[in-house]
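Beneath this line is the structure, given in structure tokens, with notes to follow.
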Amino acid sequence: MADSVEKKLRVITIGIGGASCSGKTTLAKHLGTCLPNSLLLFQDDFAPPEEKLPLHEKHGVRDWDDPPGAIEWERMANELLYVKANGRTSDSHYSHDQLNLQKPVEVDQAVAREWKKKLSDIHELFAQQGEDVVWVVVDGFLLYWDPRIYNWLNVRAYLRVPELIARERREERQGYYTAEGGYWQDPPYYWQDIAWPAFKKAYAGLFVDGDAEHGTILSDKIPDLLVLNGTEMSMTEQLDKMCQRVAEVAQKELKAP
């Protein structure tokens, strides 16, 4: 007779943070394709409605990037808790990620297939010990601002790119659609006066001398933070490192009660 015992739910959360246009969303999506039974949670989906965003003191425009006001932190924390408890997003959650097209960055499919097989094997080991795993990839430009968010992550990664590269990519993007269906375009001063200073503010406490671009990670702030260099590593190499870390953490979780 078939075993009808319901499996215990285990949710493994994987965070990928970094500056706007660092490549974190692309990496998150590639990782998601390598993981069985996975879902992606985008921090951008927790931005307030445009009319509720604070106004920048100097320029008087909506500030999409200043950490305290750029994300509805309580809503994001509650959603992440719901996902951890239920293995799916809540009925009220809506993602507008599909509205914003990304420039494709391919990876070596042989590497992707190899990791898909290895991670599927790990997934099966959980099943054999009576657990149904949901792999949740959380992507965010302010991912390591709120301790509630990063303390609930099993895997923590930070994608580092030089300011010049991030700025060039943002300028190429030109604009993006908001959750309400509006379209935002950066004013000419937005990057240097608003976006980049906000990013430095968000990550200053994690690095020596507050240097998120070049500084050494302060290991006591975010335990086991994997730092990936987005300009020295190809997307395939980034994916390979991410999958390695996920596999390592998952193997430890297999032994956990």
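The values are calculated or read from the model by the stated rules, or taken from the named source; none is laboratory data. Since the model is a prediction, treat every value here as computed from it, not as a measurement. A quick note on method: Cβ atoms are made from the backbone with ideal geometry, for glycine too, and the neighbour counts reach across all protein chains shown.
Descriptive notes on the structure:
- Criterion (of a type in the set (G, A, S), under 15 Å from the mean Cα position of the chain (by Cα) and outside any helix (DSSP H, G or I)) met by exactly one of A212, A202, A157: A157
- Among residues of the range 111-154, those that are in a strand (DSSP E or B) and charged (D, E, K, R), counted: 3
- Residue check: K29 meets all listed conditions (1) of a type in the set (D, E, K, R); (2) in a loop (DSSP other than H, G, I, E, B); (3) under 13 Å from the mean Cα position of the chain (by Cα) but one, namely (2).
- If only residues of the range 2-39 that are at pLDDT 95 or above and of a type in the set (G, A, S) are counted, the one that is nearest to Y203 (Cα to Cα) is G17.
- Some residue of the range 219-235 being of a type outside the set (A, V, I, L, M), assigned to a loop (DSSP other than H, G, I, E, B), more than 15 Å from K24 (Cβ to Cβ) and touching a Leu at 6+ places or on another chain (Cβ under 7 Å): yes
- Restricting the range 34-58 to residues that are within 16 Å of the chain's Cα centre (by Cα) and part of a strand (DSSP E or B) leaves a set whose member that is surrounded by the most Cβ atoms within 10 Å (Cβ to Cβ) is L41.
- Filter result (among the basic types (K, R) and either at positive phi or free of Cβ contacts under 8 Å to residues at least 40 places away in the same chain (or both)) within the range 36-58: K52
- Residue check for I217: surrounded by 19 or more Cβ atoms within 10 Å (Cβ to Cβ) and among the β-branched types (V, I, T): no
- Any pair with Cβ under 7 angstrom, 6 or more apart, that starts in the range 151-163 at a residue that is in contact (Cβ under 8 Å) with a residue 60 or more places away in the chain and under 12 Å from R245 (Cβ atoms) and ends at one that is among the aromatic types (F, W, Y) and assigned to a helix (DSSP H, G or I): R156/Y150
- Failed item in (1) in a helix (DSSP H, G or I); (2) surrounded by fewer than 18 Cβ atoms within 10 Å (Cβ to Cβ); (3) at pLDDT 90 or above; (4) not acidic (D, E), with L239 passing the rest: (2)
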